[in-house]
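The values are calculated or read from the model by the stated rules, or taken from the named source; none is laboratory data. Source: prediction; values computed, not measured. When we count neighbours, we look across all protein chains shown, and the Cβ atoms used for this are built from the backbone with ideal geometry, even at glycine. To get the accessible areas, we keep the full protein, side chains included, count just its heavy atoms, and leave off ligands, DNA and RNA. Shrake-Rupley method; radii C 1.70, N 1.55, O 1.52, S 1.80 Å.
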Amino acid sequence: MLKIASIALLLAGSCALAAPPDPRTLARADVPPMPAPVPPGGEPAPGVLALAADEWHVIESDADLIVLASPEGVVKVTPEGAGPIRLKGKFAGGGGKVETRTFKGKSVFTVEALKSGPVELLLVPIGAKGAADVKRVGITARAQDPIPPPKPKPDEPVKPDPPTPGGELRVLFIAESSAKHAPEVTHTLNSTKVAAYLNARCAKGPGGHPEWRRYDPDTVFGAKESPTMRALFADSLAEAKRQGPAALVVAVGTDARVYPLAGMTEAEVLDLLRRAAGDK
Amino acid sequence: MFIISDSTPERDLVEPSGMSRGLDLSGRPEGFGAYAGVAEPLPRELVVPRHEWQARIEEKRQRRTRTRDLMTLAKLPAKNQRSIPYCWIFAPTHCMEIIRLKAGLPMVSLSPASAGAQIKNFRAVGGWGREGLEFIGTRGVVPSHLWPDTALDRRYLTDANKTVALDYRHTEWWELRDLDEYISALLHGFPVAAGYNWWSHETTTVDAAWIDGAIATDNRNQWQGYGDDNYFHLQGRRMLPDDMVCPRVAIAS
């Protein structure tokens, strides 16, 4: 697989087995001092190398080196062995172009970003006598942020379909009086907003009384009750019982539908009634 | 807001001139506050825990889903027992008017005397709410335009009125046994006919309330001109009734 590589950080050094390498030749290029850490997402401080997720840094040295990264886990340092090594890809600072470079040093290391953040590379020549022999390279790594999993879309409530507007509105609440209803159902059943709306919009029955009711499933009918409401109750009772301890029956003309009240808010009930009445 | 609490002086508890009381629990077979087994008790799963009372009361108030809000919307008039000692049947009758309102049924003024007079053989004597509501469940009440609210007159006891009364019965009711059941019934939206032995008086409780950090009740009296449109609050030891009955479902008529 083609690896995207970066501009190499070339280090020069002599190759003497016994004597420590001349520190003046370790680096083939100026090595900037370690800068202050850059906050994630910020631009690297001057002198700090920026390493993107699709780039390589290459460390090339004529001396035997140990390359350490501090802290661990920000970059991956891979010893590639002795050159010549030919690498094709994008190099840090290369402007995003794919290039082919050949590295001939005795020690060649590739550095890749694992995650975003600052890191310091410590280039320790074999046989170093002290801290002065160690070269430090500051890098600001910008790894490919993991693609977050898609946020689950909250279930959009499905608005119940009202009966086709255009006819006379009649409404029944069929609710067991001794059942433990959810508090929102109790609010809806006792809602003055709903009552006021239905008083205004429902068809008028005998004596001019609005045709909406709250019935218990065991309601007994007297002689004076609206025949239409009695019939609507009889026709919808079985379905209402299937919907649970509290149900809403909305009839527009001869089109009547039954909805469970559990899970509906007072506002949703009002919305449904308004749509049924053609007010929305 | 008129509140009757433990410290309310006796002079503020006296009925206005021309009014009467009438609660008399002496004839109650089961005694004070005991469950008679005539009506269903409130199911235990409907008892609302006390730590929820305040929040639920406040939510009902804010959302205007209290029984009193519905009564106000409908402009349900208060009853007036005048000088007959029939508080014990006026309160259950007003409860019947309220549950009809909640059912979306036409508003009909109902005559307490039409039931009370038959129970007490047309005598102006005391009684208690449970006996009144028990009668209403079997024989019903007559609309006020057919039998005046305070008329203890046998002329109104016609076959026609007896037939009409059958349309104004309840079919389901509770006897409440303690404070938790009482407040729970109110929180579920049911009115309660509540009799207080300390007061020898029965009134209609329409809602639970929360006043100055404590539970209270919102009540409606049938003394004309009392409180705020006959509404008042009870709190403290005087709040808990000795007779509590709660009609839930009226015949649809």
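Remarks
- Residues whose amide H falls under 5 Å from that of A:Lys90, counting only those 5 or more places apart or on a different chain, are A:Ile4, A:Ala5, A:Trp56, A:Glu99, with hydrogens built in the peptide plane.
- Spatial separation of Cα centroids for segment A:240-280 and segment B:176-253, in angstrom: 32 Å
- Residues of segment A:149-258: accessible area per residue with a 1.4 Å probe, Å²: 50 Å²
- Charged neighbours of A:Leu114, selected by a Cβ distance under 10 Å, balance to 0 (K, R count +1; D, E count -1).
- Shielded residues, segment A:241-280 - accessible-area loss of 10 Å² or more between chain alone and all protein chains, probe 1.4 Å: A:Glu266
- Taking a ≥ b ≥ c as the square roots of the eigenvalues of the alpha carbon gyration tensor, segment B:90-208 is oblate, as a/c is not under 1.5 and a/b does not beat b/c.
- Solvent exposure ordering (accessible area, 1.4 Å, most first) of A:Val77, A:Val108, A:Val220: A:Val220, A:Val77, A:Val108
- Given a 1.4 Å probe and the protein chains as shown, A:Glu266 ends up with an accessible area of around 10 Å².
- For the residues of A:185-191, the average number of beta carbons from a partner chain within 10 Å of their own beta carbon is 5.
- Evaluated over chain B, the Cα radius of gyration and Dmax, each in Å: 16.8, 53
- For the protein assembly as shown, the fraction of 1.4 Å probe accessible surface lying on carbon and sulfur atoms is 54 percent.
- Annotation for the A:B interface, with buried accessible surface near 2500 Å², both sides summed [1.4 Å probe; non-protein components not counted].
- Taking amide H atoms as placed 1.01 Å from N in the peptide plane, the amide H of A:Ala69 lies under 5 Å from those of A:Leu122, each 5 or more residues away in sequence or on another chain.
- Residue (of A:Val124, B:Ser144, A:Leu49) at the positive-pole extreme of the protein assembly as shown, dipole from beta-carbon charges: A:Leu49
- Backbone HN-Hα couplings from phi across segment B:206-221 [Karplus 6.51/-1.76/1.60, Hz, Gly and Pro as x]: 9, 8, 8, 9, 10, 10, 6, x, 9, 5, 8, 10, 9, 10, 10, 8
- Per residue, chain B exposes 38 Å² of solvent-accessible protein surface, assessed with a 1.4 angstrom probe and all protein chains in place.
- Derived scalar couplings between HN and Hα for segment B:237-245 equal 5, 6, 6, 7, x, 9, 8, 9, 10 Hz in order, rounded to whole Hz, by the Karplus curve 6.51 cos²θ - 1.76 cosθ + 1.60 (θ = phi - 60°), x for Gly and Pro.
- Set of lysines with alpha-carbon distance to A:Lys76 below 28 Å, sequence-local pairs under 8 removed: A:Lys3, A:Lys88, A:Lys90, A:Lys97, A:Lys104, A:Lys106, A:Lys115, A:Lys129, A:Lys135
- The residue among A:Met229, A:Ala175, A:Pro165 whose Cα reaches farthest toward the positive pole of the charge dipole of segment A:148-280, with charges on the beta-carbon of Lys, Arg, Asp and Glu, is A:Pro165.
- Under the Karplus curve 6.51 cos²θ - 1.76 cosθ + 1.60, θ = phi - 60°, whole-Hz ³J(HN,Hα) for segment B:38-53, x wherever Gly or Pro sits: 7, 9, 5, x, 5, x, 4, 5, 8, 5, 8, x, 4, 5, 9, 4
- Both radii are taken from the alpha-carbon atoms of the protein assembly as shown; with Rh as the Kirkwood radius, Rg/Rh is 1.43.
- Shielding by partners for peptide B:44-52, expressed as the average number of C-beta atoms from other protein chains within 10 Å of each residue's C-beta, is 1.
- Charged-residue dipole, Cβ positions (Lys, Arg, Asp, Glu), the protein assembly as shown about Cα centre, Debye nearest 20: 1000 debye
- Partner chain coverage, peptide B:183-193 - average Cβ within 10 angstrom: 2
- Three-way shape label, segment B:17-96, alpha-carbon gyration tensor, a/c 1.5: oblate
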